Amino acid sequence: MSDTPDPLRMLLIVPCYNEEANIPLFVESAEQNLKEYDWQVLFVNDGSHDGSWDAITAAHERNPRVKGLCFARNFGHQNALKAGMEEAWKDHHADVYVTLDADLQHPIEFIPQMVQAWRGGARVVQAQREDAGRKISFFKKFTSRAFYGIFSWLSGVKMQPGMSDFRLIDHGVLEFVVSCRDKDFFLRGLLPWSGLKTEVLPYTPKERQHGVSKFTLKKMCALALSGIVGYSVRPLYISIVLGMVSICLAMAYFLYVLVVTCCGITTISLGWPSLIATVLAIGGVQLFILGILGIYMGKLYMENKERPTYVIGDKTK
Ligand code: UDP
Ligand code: MG
């Protein structure tokens, strides 16, 4: 691990979705900042609609350190990471692997610090985004913190805020990752779950160079849901809690009706509204629980299919 002879072999794994303008800048930054390493970069084109693949092949022709994989369509960021890691395991062995974004928000000049932490004995070096002083909407800050809190609580896997997919891992960790057969790949949860020795390094993200964020609210919700469902069955237990709460409420209400009727305090005249409220409340609870069951069943159904989670349409030599 840490006694590897220099130059260290390093592979950058970079998912790209419509990042045409950022790819040449990314390669330029790698050429400038990674001179001391024997580096390669593997771009995974996640079904871009712009000229990202042309930009990758042009960069490959100019510099053979640049490699590329091209998905047949958009399969999502986590699948692009998975494909990059599986390809690395097959054809691009290195001493360390760094996953990072193509938009240069994850600064390449920070990588030497990550290597130092790895040389110090960490198996996983996780970069933690520092949001202080950045212009982030209250909504994004709130939802991101809420997700990390809910995920940690439900799964029992400690995940701190600001953990994006900017990290360095060694060859042994890569072997562990590719051995996991999860169809619903969620690397941010898998590595903390593994318990492998991790060092967290705070970094300040840069502004996106070109284009806009591809993580729409829908994509963020899908990622959060697959993280929670993939690492916890606690939401399924919610039906037991809600069932017990409604039994207790029903018993309390029955006692109340019994007491007021027997003591002649009042005759119950609110029959219709209370009946409707109870029917609606119980119906809502049942639908809610059915929804949770449905999510897990859907995931089971998809996991059971022997279909691959991505399809590679093309790749560089
Ligand atoms: N990305 C991808 N597939 C997608 C969405 C995003 O490969 O379906 C890539 C994107 O090109 C970038 C990284 O994932 O390299 C992070 O995306 P983005 O910068 O849009 O996310 P943000 O930084 O806004 O969270
Ligand atoms: Mg970004």
* What tally of residues in region 63-115 results from selecting those that are within 18 Å of the chain's Cα centre (by Cα), open to solvent by less than 30 Å² (accessible area, probe 1.4 Å) and within 16 Å of ligand 2 (Cβ to nearest atom)? -> 10
* For region 297-308, name all the residues that are open to solvent by 70 Å² or more (accessible area, probe 1.4 Å) and in contact (Cβ under 8 Å) with a residue 12 or more places away in the chain. => Met302, Glu303
* Taking the stated definitions as given, is Ser164 surrounded by fewer than 19 Cβ atoms within 10 Å (Cβ to Cβ), touching a residue at least 40 places away in the same chain (Cβ under 8 Å), within 16 Å of ligand 2 (Cβ to nearest atom) and among the small types (Gly, Ala, Ser)? -> yes
* Mind listing whichever residues of region 122-133 are of a type outside the set (Val, Ile, Thr) and either part of a strand (DSSP E or B) or open to solvent by 60 Å² or more (accessible area, probe 1.4 Å) (or both)? => Arg123, Gln126, Ala127, Gln128, Arg129, Glu130, Ala132, Gly133
* **Test for Glu207: is it open to solvent by 70 Å² or more (accessible area, probe 1.4 Å) and within 16 Å of ligand 1 (Cβ to nearest atom)** => yes
* Scan region 274-296 for residues that are among the hydroxyl-bearing types (Ser, Thr, Tyr) and open to solvent by 40 Å² or more (accessible area, probe 1.4 Å) and jot them down. => Thr278
* **Looking only at region 217-244, and only at residues there that are hydroxyl-bearing (Ser, Thr, Tyr), open to solvent by less than 70 Å² (accessible area, probe 1.4 Å) and over 17 Å from Met163 (Cα atoms), the one that is farthest from ligand 1 (Cβ to nearest atom)** => Ser239
* To do: Identify all residues within region 225-240 that are under 18 Å from Leu293 (Cβ atoms), part of a helix (DSSP H, G or I) and modelled with pLDDT of 85 or more; write none if there are none.
  => Leu225, Ser226, Ile228, Val229, Gly230, Tyr231, Arg234, Pro235, Leu236, Tyr237
* **Hits in region 174-224 (condition: touching an Asp or Glu at 6+ places or on another chain (Cβ under 8 Å), in a helix (DSSP H, G or I) and under 27 Å from Asn22 (Cα atoms))** => Leu187, Arg188
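The values are calculated or read from the model by the stated rules, or taken from the named source; none is laboratory data. Small disclaimer: the values here were computed from a predicted structure and weren't measured. Note: ideal-geometry Cβ built from the backbone for every residue, glycine included; neighbour counts use all protein chains shown. Note: areas computed on protein heavy atoms with side chains; ligands, DNA, RNA excluded. Shrake-Rupley method; radii C 1.70, N 1.55, O 1.52, S 1.80 Å.
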